[in-house]
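First comes the structure, then the notes that go with it.
What follows draws every value from the coordinates through simple rules; no lab data is involved. Since we're looking at a predicted model, the values are computed, not measured. FYI the Cβ positions are ideal-geometry reconstructions off the backbone, even for glycines, and counts take in every protein chain you see.
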Amino acid sequence: MVVKGEMLYEGKAKKVYRTDRQDVYWVEYKDDATAFNGLKRGTIADKGECNNQTSAIFFGLLEEKGIPTHFLELMSDREMLVRALEIIPVEVVARNIAAGSLAKRLGLEEGTELAKPVLEFYYKSDELGDPMINEYHIDAMGWATGQEMAEIKEMAWKVNNILVEFLRSVDLILVDFKLEFGRHQGRVLLGDEISPDTCRFWDAHTREKLDKDRFRRDMGGVEDAYQEVLRRLKSVTGR
């Protein structure tokens, strides 16, 4: 039995608590929603429950496929236990279809299929707006070693392949997504969350957006979109 302790950190989407085990944290997912580096704020009803359970399903699937993650177990509809990580301050974005900032930067019509998936790196800093960086910056600043980056890239490609195939089975297109990694007892593990907050999911038939873009763009139906993603995942996993 793990005992929940004092709150260690509160972010935009989660609260992280210590436990009576030094290497285990207790994470509580919030209903708060932010966009554009915190410039837009709101609440999405039951978002915390959806993202917690959605992330647990994805982490469980990835663990089964050999991807090491921080996930340990669900504690409630909106809480989970995770391995404590020393977060590597590099956000990894995998893109399969042009959308969001990539479409704007390259002047592409949103929805343009990329000839190959693309990986991008961003410095994890709310104060600086998470600026795009490359591996030279990462090396120069000492944020991750060359070996760690090799592992991170290999895992990111594998995660993309696994999730694209899996989501196809529930009629979802994985447009793009963000991953975060951290160190735990000398190993690099996948951390943070995988949810409609951190991914772009489109319906495979209608291309309806089922993710945070509905909040960013004031499209309405945000709660229903998050619930629909979770419903589809549960329909094939039984989790």
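Taking the Cβ of each residue in Leu114, Leu230, Leu210 as the centre, tally the other Cβ atoms inside 10 Å and list the residues starting with the fewest.
The fewest-first ordering by Cβ neighbours comes to Leu114, Leu230, Leu210.
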Once R0 is set to 30 Å, what does the formula 1/(1 + (r/R0)^6) return for the Cβ-Cβ distance between Thr237 and His137, expressed as a FRET efficiency to the nearest 0.05? 0.20
Just want the ordering: Leu119, Leu128, from fewest to most Cβ atoms lying within 10 Å of their own Cβ. Leu128, Leu119
Using the count of nearby Cβ atoms within 10 Å as a rough guide to exposure, how do Arg168, Arg214 rank from fewest to most? Arg168, Arg214
Within the chain, which is the longest segment containing none of the GluC sites (Glu not before Pro) that sit in a DSSP loop and have at most 12 other Cβ atoms within 10 Å? 128-239
Obtain the nm distance between the two label points defined at Ile87 and Arg41 by a simple spin-label model: each point lies 7 Å from its Cα along the Cα-to-C-beta direction. 1.8 nm
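Glu127 to Lys4: extension gain in nm, 0.36 nm per residue of separation minus the Cα-Cα distance?
So the extension gain works out to 41.3 nm.
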Förster radius 25 Å - calculated FRET efficiency between Arg168 and Glu73 (Cβ-Cβ, nearest 0.05): 0.35
Go through Gly5, Asn37, Met219 and say which Cα lies farthest out towards the positive end of the charge dipole of the chain; charges sit on Cβ, +1 for Lys and Arg, -1 for Asp and Glu. Met219
Prolate/oblate/rounded label for the range 86-221 (Cα gyration tensor, a/c 1.5): prolate
Cα centre as origin, Lys/Arg/Asp/Glu Cβ charges: the chain dipole, Debye: 180 debye
Sorted by chain and number, the residues with a modelled amide H under 5 Å from that of Ala84, at a separation of 5 or more or across chains, are Val24, Tyr25
